[in-house]
Amino acid sequence: MKIAISGGTGLVGQALTDHLIDKGHSIFILTRNSSNKKEKDHVKYVEWLKDSSTPETVLDGVDAIVNLAGESINSGRWTEEQKRKIVESRISSTKEINRMISAMQNKPEVLVNASAIGYYGTSDTQTFTESDTTPGSDFLASTVYAWEKEAEHAQSEGVRTVYTRFGIVLDKEEGALPRMMLPYKLFAGGKIGSGEQWMSWVHIKDVAGAIAFCIENKTINGPVNVTAPNPKQMKDFGKVLGKVTGRPHWFPTPGFALKAALGEMSVLVLEGQRVLPTILEEKGYNFLYSHLDDALSDILQS
């Protein structure tokens, strides 16, 4: 298949590109500057989000589009300006995807639009699945809701639309895990906040695998939780991390200290939600890493 990816140079984008190439697909990566990109086998760079760019002329007839573009939520303290960037980067890139689809004579069969489990809001007691249709009320929930509503317009063009709601993506070099590992490397790892908050994690390889599965499985529509089947409370996640790294889990980090250091962004580590991948399991996706011990062992030993 021919598959276009926006945000293709990010953590998920790179893993997905490698996964799809291994499966024999041809990849078109949407980029703001194609002149400084060195093309390789099965990968072509296509310029977009510039006044003079018309990516739809190159992408007409692709089988699928995967939209991963957006400002990282981990890129800095959540000032009002940073929150504006987080929201607007997602909405503007998705609007451009919709414009491209509308302009194509031969439209893609499917749009897989990135999303997040932040849709559900936070809870220490509830379990969320795709059947929960009422979004939370915090900043992340409102951002994800608006993002999905914008992507929804692709359906009016006859394009099957999937919202992959990512959990906490585990990777050795990028994302949350390197930051979480640092205290353990310094022999100062331990419970963060109350420790009761849920962490719905997923191995980066399963993120790539789940997106490919959603592209290939024509019966999948709407929201899809991309999380491992066995989420952990933060206190237990830390214990497993300590065991796998061979470091103690003993030094607690109080919630007030993180709130002082991170501000509103502290919600990413002090609050969480227990989210299950019901659709992926019902449709037959086989997780490579269902259990945290195996996932962390694979990541840290690679």
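When you restrict to C-alpha pairs under 8 Å that are six or more residues apart and normalise by the size of segment 2-301, the relative contact order lands at 18 percent. Using the Cβ-Cβ distance between SER156 and ASP293 with R0 set to 45 Å, the FRET efficiency from 1/(1 + (r/R0)^6) comes to roughly 0.50.
Summary of the geometry: segment 126-170 and segment 213-240, compared by the centres of their Cα atoms, lie 14 Å apart.
Considering only the chain, what is the antiparallel percent among its DSSP beta bridges, to the nearest 5? Around 10 percent antiparallel, to the nearest 5.
Inverting the pair-averaged 1/r between distinct Cα atoms of segment 61-154 gives 14.5 Å as its Kirkwood hydrodynamic radius.
Among LYS107, LYS44, the order by Cβ neighbours within 10 angstrom, fewest to most, reads LYS44, LYS107.
Secondary-structure-derived ellipticity at 222 nm for the chain, considering helices only, amounts to -11500 deg cm²/dmol, per-run term -39500 (n - 2.57) for DSSP H runs with n ≥ 4.
Projecting the Cα atoms of VAL66, ILE86, ILE279 onto the dipole axis of the chain, where Lys and Arg carry +1 and Asp and Glu carry -1 at the beta carbon, places ILE86 farthest toward the positive end.
Build a GNM of the chain with springs between Cα atoms under 10 Å apart, and of SER142, SER131, SER26 the one that fluctuates most is SER131. Given the alternatives (1) 50, 37, 18; (2) 28, 23, 19; (3) 33, 20, 19, semi-axes √(5λ) of the Cα gyration tensor in Å as computed for this entry is given by (3). Dipole magnitude for segment 20-84: computed about the Cα centre from +1 point charges on Lys and Arg Cβ and -1 point charges on Asp and Glu Cβ, it is near 280 debye. With the charge dipole of the chain set up from +1 on Lys and Arg Cβ and -1 on Asp and Glu Cβ about the Cα centre, the Cα lying farthest toward the positive end among the listed residues SER123, MET1, VAL144 is that of SER123.
Please rank LEU140, LEU111, LEU270, fewest neighbouring Cβ atoms within 10 Å first, as an exposure proxy.
Lowest count first: LEU270, LEU140, LEU111.
For segment 53-81 versus segment 246-302, the inter-centroid distance based on Cα atoms is 25 Å.
Comparing PRO254, LEU30, LEU20 along the charge dipole axis of the chain, the residue lying farthest to the positive side is PRO254, per the Cβ-charge model.
Computed about its Cα centre, the charge dipole of segment 241-302 is approximately 220 debye, with only Lys, Arg, Asp and Glu carrying charge at their Cβ.
How large is the dipole of segment 2-301 about the Cα centre if only Lys and Arg carry +1 and Asp and Glu carry -1, each at its Cβ, rounded to the nearest 20 debye?
Details: 33 positive and 37 negative charges, 143 e Å.
Rounded to the nearest 20 debye, it is 680 debye.
Readers should treat all values here as calculations from the given coordinates under stated rules, not as data from a laboratory. Please read all numbers here as calculations on a predicted model, not as lab measurements. In this analysis, Cβ positions are derived from the backbone assuming ideal geometry, glycine residues included, and neighbour counts consider all displayed protein chains.
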